[in-house]
Amino acid sequence: MIYSPKITMNKLMSILPFVILIGCLLLLTASVSPQTSTAEGLKVNGVALGDSYKQVVRKLGKPSSEKKRKADECVGGTEMILSYPGLKFRLWDEPDNPKKFTVGFFEVNSAKWNVSGARIGITAATVKKLFGTRTGEEVDSHTELRTWYYEMDENISPGNTNFSLRGGKVTSISVAWLMC
């Protein structure tokens, strides 16, 4: 004997508001949650903090300029600056292997570069949609430059991501490990 529950139109109509409410809540939750986490730092065209010099060149090609200089006291050792049009990297040598350089900072100033889904020129609302609520904000009253700070997870990779905005649009994105 097969049991078949009888569902009447009245029963369906009585649960319909509940089903609609649940659907609306799910849509709201999805639109508020960030699509990308800044916990480990963002990537620019696939290059992340911690990548080696060789990985950067393999992913982006030869830089337009390359300079070495003594790193500041927080880092020590040698700093290498790689420049591409609208993109700059700072790499530091490793204490146990001074010939190996690792990305510890990058800054983007051109819409050519994709920073984990963000580009120069996107709106503040898009930044919020992509990355969620910022951890801090600073406004320069003279230049009207607004900077939004997003902190990385201290246990994974201490550092931050900064979005500089003017007129409600992103003008610069920087990602860095905290060294001091």
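The values are calculated or read from the model by the stated rules, or taken from the named source; none is laboratory data. Please read these numbers as outputs of a predicted model, since none were measured by experiment. Neighbour counts run over all protein chains shown; Cβ positions are idealised from the backbone, glycine included.
Taking the criterion of being part of a strand (DSSP E or B) and either within 19 Å of Lys59 (Cβ to Cβ) or without any contact (Cβ under 8 Å) to a residue 12 or more places away in the chain (or both), the residues of the range 95-114 that qualify are Asn97, Lys99, Lys100, Phe101, Thr102, Val103, Gly104, Phe105, Phe106, Glu107, Val108. Annotation for the range 46-57: no member residue is within 20 Å of Asn160 (Cβ to Cβ) and of a type in the set (Ser, Thr, Tyr).
Residues that are more than 24 Å from Ile173 (Cβ to Cβ) and of a type in the set (S, T, N, Q) were ranked within the range 55-104; the one that is surrounded by the fewest Cβ atoms within 10 Å (Cβ to Cβ) is Asn97. Within the range 123-144, the set of residues being among the hydrophobic types (A, V, I, L, M, F, W, C) and either touching a residue at least 60 places away in the same chain (Cβ under 8 Å) or surrounded by 15 or more Cβ atoms within 10 Å (Cβ to Cβ) (or both) comprises Ala124, Val127, Leu130, Phe131. Against the list (1) out of contact with any helix residue (DSSP H, G or I) (no Cβ under 7 Å at 6 or more places or on another chain); (2) closer than 29 Å to Lys68 by Cα, the condition Lys129 fails is (2). Selection over the range 116-145 of residues that are under 15 Å from Leu42 (Cβ atoms), of a type outside the set (Lys, Arg) and modelled with pLDDT under 95 gives a count of 6.
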